Amino acid sequence: MFSGIMLLWWILTVPSFLFVAIDVWRTPAATVIKWAFVILAAFTGPIGAFLYVLGCREPLPGIHEEYVSVRWRQVMGSTMHCAAGDGIGIIVGAAIGAGLALNFWPDFFLEYGFGWVYF
């Protein structure tokens with residue numbers, strides 16, 4: 001059962017990630033926001049792709065600035081940037097902690113620290 005759910009998740013995540021990774025470069029957003037949406041799509045699959053379409057992708061050419069001027073879309077972009085940076089930091093910290101065979105609390109603080117630094 002669980003392996004079937006994971007297979008379905010991968011089947012949904014790969015095209016979602018590819019869609020965002022290719023399409024985001026056509027959007028006139030800041031480069032850091034583009035990377036944030038790509039990273040978030042890698043972490044969250046179809047949820048990240050949905051958030052990208054909802055919050056960043058312009059519905060018609062030439063109206064991106066007007067489209068993202070709504071406060072909640074600005075908040076969404078900031079949140080995606082934060083979540084992507086924290087996620088990378090935590091993954092880097094977890095890899096280092098596992099490589100050093102750290103116990104729970106040192107590993108926890110290492111991941112927290114890297115998440116804060118990458119934020």
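The values are calculated or read from the model by the stated rules, or taken from the named source; none is laboratory data. Computed from a prediction, not measured in an experiment: that's the story for all the values here. Cβ placement follows ideal geometry from the backbone for every residue including glycine, while neighbour counts extend to all protein chains displayed.
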Quiz item: Does Trp10 meet the test of being within 14 Å of the chain's Cα centre (by Cα), surrounded by fewer than 19 Cβ atoms within 10 Å (Cβ to Cβ) and not basic (Lys, Arg)?
Solution: no
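Yes or no, residue by residue, for (1) surrounded by fewer than 19 Cβ atoms within 10 Å (Cβ to Cβ); (2) in contact (Cβ under 8 Å) with a residue 12 or more places away in the chain; (3) among the basic types (Lys, Arg):
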{"site": "Gly45", "(1), (2), (3)": "no, yes, no"}
{"site": "Leu54", "(1), (2), (3)": "yes, yes, no"}
{"site": "Asp86", "(1), (2), (3)": "yes, yes, no"}
{"site": "Phe104", "(1), (2), (3)": "yes, no, no"}
Exercise. Please state which of the following conditions Gly62 fails to meet, knowing it meets all the rest: (1) at negative phi; (2) exposed (fewer than 14 other Cβ atoms within 10 Å of the Cβ).
Key: (1)
Quiz item: Out of segment 61-119, which residues are in contact with a Cys (Cβ under 9 Å, 6 or more places away or on another chain) and part of a helix (DSSP H, G or I)?
Solution: His64, Tyr67, Arg73, Met76, Gly77, Met80
Quiz item: What single numbered condition from (1) surrounded by fewer than 17 Cβ atoms within 10 Å (Cβ to Cβ); (2) within 15 Å of Gly77 (Cα to Cα); (3) modelled with pLDDT of 95 or more fails to hold for Pro28?
Solution: (3)
Quiz item: Across segment 31-53, which residue is modelled with the lowest pLDDT among those that are over 10 Å from the mean Cα position of the chain (by Cα) and not hydrophobic (A, V, I, L, M, F, W, C)?
Solution: Thr31
Exercise. Would you check which residues across segment 68-84 are free of Cβ contacts under 8 Å to residues at least 40 places away in the same chain and of a type in the set (A, V, I, L, M) and list them?
Key: Val68, Val70, Val75, Met76
Quiz item: Going by the conditions given, is Trp35 more than 22 Å from Tyr118 (Cα to Cα) and either among the aromatic types (Phe, Trp, Tyr) or touching a Cys at 6+ places or on another chain (Cβ under 6 Å) (or both)?
Solution: no
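A quick yes/no check of all residues on (1) of a type in the set (Val, Ile, Thr); (2) assigned to a loop (DSSP other than H, G, I, E, B):
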position: Ser3; (1), (2): no, no
position: Trp10; (1), (2): no, no
position: Phe17; (1), (2): no, no
position: Val24; (1), (2): yes, no
position: Ala29; (1), (2): no, yes
position: Trp35; (1), (2): no, no
position: Val38; (1), (2): yes, no
position: Phe43; (1), (2): no, no
position: Gly48; (1), (2): no, no
